[in-house]
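Rule-based calculations on the coordinates, nothing more; no lab input. Small disclaimer: the values here were computed from a predicted structure and weren't measured. Note that each Cβ is placed from the backbone with ideal geometry, even for glycine, and that neighbours are counted across all protein chains shown.
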Amino acid sequence: MFLKSLGIGLIGLFVLAFSAWAGTPTLEGVVKDPTGRPIKGADVRIEAKDFSKIVKTDASGHYISDGLAVGTYKVTLVINGSVKASIMNAKTQLGKPTQLNFDLTAKMAPVKKHTHMVYVAPDTGTLIGGGRWVEVDDNGNPVNNTGASSVEKMSGNAVSNIIPSTAGRSSTIVGH
C-alpha cells in the first residue's frame, strides 16, 4: 500500500513539475500610437466566457497578463474610455506567450461610395436592344471602369422627352 501511495505521489509531483516548467498561458503585447510612440496607461480588456480582466500598459506601452487558462479570448484596447480596437478569438497555449500588438494608425477606413445604376441607350437612337446599364457615382461619373466614358445626367422633362410612351405601355424612370 505504501509503494502504491508513493507511486501516485511521484506521478503527481512529476505532473506538477511539468506544468510549472511548461508555464501558464500568457497574453502580452505593445500598444503604439499612429506615430509609433508607446501609449502609457491604456486599458487592455481580456474577456472569455465567465472571465474578465483588465491590465494597463506601462511606460513602454507593454502589457502582460499571465496565469490565464488555455482558451480563446477577446482582447480590447481602451484609451481614455474609448474602444480603439478589438482582437477576436485570440488563442492561448501552454508554454508559449500569445503576442498581440496594437499599432494604431491615423488612416480612416475607406468610406463606401454611394452609386447608382443607369441605363445608357444605344447610339442608334432607338430603345430596342443594344443599351446597357452602367454604374455611376453621385456626380454621374462611371465607376468600376465600365467602358462608358460619358454619361449625361438628366432629370424631369428632359427624360420624358427622350423616352416616348408607347401605345398601351408606360415607362418608368428611376432618378435621383
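Given bins 10 angstrom wide, list per bin the percent of all Cα-Cα distances in the range 24-103, short to long.
P(r) over the range 24-103, rounded to whole percents: 20, 56, 23, 2.
Loop only by DSSP, 15 or fewer other Cβ within 10 Å of the Cβ. Give me the trypsin sites (Lys or Arg not before Pro) in the range 27-108 that pass, ordered by residue number.
Within the range 27-108, the qualifying trypsin sites (Lys or Arg not before Pro) (loop, at most 15 other Cβ atoms within 10 Å) are Lys40, Lys49, Lys107.
Per residue and in cubic angstrom, what volume does the convex hull of the Cα atoms of the range 19-58 have?
103
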